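A.B. asks: Can you read through this structure? Questions will come right after.
Nothing in this text is a laboratory measurement; each read-out follows from the coordinates by a stated rule. Here the structure is a predicted model, which means the values were calculated and not measured. Cβ placement follows ideal geometry from the backbone for every residue including glycine, while neighbour counts extend to all protein chains displayed.
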Amino acid sequence: MAHKDEKGKIPVGKTPDQGFFFRSTKPHPGLAGSDKAALVRRGNEFFNNGNLAAAKRVFLTTGYGDGLIRMGDHHYHKKEFLEAFRMYWLGKEKRKCDELIEKMVFVIREWLEEDSPPADDAGREK
């Protein structure tokens, strides 16, 4: 059970950085259902109030897919595409992941073509 402050809220902002982040969307193993629900509500409050760093920590810890997708949208609009992809992946948002994968493949192809030696008329490298 998580420790709560005098108002009955879980003080997420006071959680130490080490050991707080998880790389999957599975909730923290020691997180009870009621604590998860309280954290998700708190994460939504953080998000709505513009405290995105705290909201992201909550969404990652609880594995809250909708929150992770909203964080992905935020990063996407800021042109932070790799972080957007990571949030979409963890939030299991397949359609948005697929769109970003296609864009990344296009960019990589462009890079490879820039580095390739020119070809002759028969398609052979010169």
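A.B. asks: How do ARG95, ARG70 rank when sorted from fewest to most other Cβ atoms within 10 Å of their own Cβ? Before the final figure, lay out the partial values.
C.D. replies: Values: ARG95 7, ARG70 20.
So the ranking, lowest neighbour count to highest, is ARG95, ARG70.
A.B. asks: So how do VAL105, VAL40, VAL58 line up by other beta-carbon neighbours within 10 Å, fewest first?
C.D. replies: Details: VAL105 10, VAL40 19, VAL58 27.
In order of increasing Cβ crowding within 10 Å: VAL105, VAL40, VAL58.
A.B. asks: With each pseudo-label sitting 7 Å past Cα toward Cβ, what's the ASN49-GLU80 distance in nm, one decimal?
C.D. replies: Output for this residue pair reads 2.0 nm.
A.B. asks: Please arrange TYR64, TYR76 by counting, for each residue, the other beta carbons lying within 10 Å of its beta carbon, fewest first.
C.D. replies: TYR76, TYR64
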